[in-house]
Amino acid sequence: MRARALGLLAPLLLAQSPVRAQGGWPAWNGNAVQDAAEILTRTQEDSLRTLLAPARSRGVDARVITIRSMRDYPVQAASIEAFAHGLFDAWRVGDRPERDGVLLLVATDDRKLRIQLGDGVLRLEPEARQVVDDSILPWFREGMRPRGILRGTAGIAAWFRPGGVAYAPPPAPEPAFSPPQPAYTPPSSSGGGGPVGVFLALLGAGGLVAGGLGISAYARNRPRDCAQCGAPMARLDEAADDVYLDSGQKMEEYLQSIDYDVWKCGSCGSHTLHPYPRMFSGRSSCPSCRYRTVGTTRHVLEHATYDSGGREEVIRDCRQCGFHDRDVVYLPQLTRPSTSSSSSSSSSSGGSSFSSSSSSSSSSGGGFSSGGGASGSW
């Protein structure tokens, strides 16, 4: 009787514990969406699969998984980056030689998430960072995790739609042979080449730049009429316009990320505010206060080598609201030049522990990631 009771309880106990694959990783259920944390409704799961359908129809292996905590799985992963990296390779995400798999992982109890990218789509790291900051984290911080997962998945799926950043074909390869050029080309007397031609080309380019700057300056300084009473407006100087700026806008001007112009009507007293973002300011928008007051610093923790990838620490700090974020980005392994058979053979024999352990998966078409992607916490 006792053995029979234990036999009846065993399935219930297993059902309440996280399902683990070989090696301790979560077991894949074969679907593009796997909600192990049980925070999604069936309708929301269907919506996620619908969003991923265009990418998967193109052969892109894009998946979404939620778990409660990384501590539920006995694997050697001390961070969300290491966990997503190992899970990506354990699941062999990216079932083509292009290795263009994408995995969105959410650990609800750990309050961490990660978009893991395959080696074939590492160029999408800036877009992944933007999806995490703008489409997922704002909703998570409001307690709406399903909405954030839906928005984030929509942002990922947009990469692979016609016109998306991942849809453009790769550039055409350079020709293997180019005809020899003459050692000396005499200058042309018609002015189309030589020093005269170069001078005329530079003069034309300078004219275009000057014309563009002139148009921009006119658009900013042109006379304006009040939309309320029709009277002429005047632009206030830098000291006077501070009265009409909030603290975040004043910080943006102090950091020289955005310059604000305030135009005021001398008749009715109404005013208008016009922002002019400055290029190459080194500042980005804050995911918390939304002002362009975030500075980013990078520190290489481990340099990438021909045998293993590296790690880079990315720290973001907001001067306005105090937002602070630290992320560890995995740098891809260096590729040895394949100029000879000996160098290519040495490259294939080297590699990190992940590449050697995935040799069987590569033969069966499995994907691989060097650790690229974007993380976030809330």
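For this structure, a couple of remarks:
- Accessible surface of the range 23-156, 1.4 Å probe, proportion on carbon and sulfur as whole %: 45
- At a probe radius of 1.4 angstrom, the accessible area of the range 56-124 per residue rounds to 37 square angstrom.
- Gain on full stretching of the segment that runs from Cys268 to Phe323 - 0.36 nm per residue minus C-alpha separation: 15.8 nm
- Per residue, the convex hull spanned by the alpha carbons of the range 76-133 comes to 81 Å³.
- Residues whose placed amide H lies under 5 Å from that of Gly372, excluding near-sequence neighbours: Leu117
- Linear extension gain, Ile215 paired with Arg111, 0.36 nm per residue minus alpha-carbon span: 32.6 nm
- A full extension of the chain between Asp307 and Thr50 corresponds to an added length of 88.6 nm, given 0.36 nm per residue minus the alpha carbon distance.
- Cα-based shape type of the range 24-150, given that a ≥ b ≥ c are square roots of the gyration tensor eigenvalues and the cut on a/c is 1.5: rounded
- Equivalent ellipsoid semi-axes - Cα gyration tensor, the range 287-330, angstrom: 28, 8, 7
The values are calculated or read from the model by the stated rules, or taken from the named source; none is laboratory data. Worth saying up front: this structure is predicted, and the values here are computed from it rather than measured. Just so you know, the surface numbers come from the protein's heavy atoms only, side chains and all, with ligands and any DNA or RNA stripped out. Shrake-Rupley method; radii C 1.70, N 1.55, O 1.52, S 1.80 Å.
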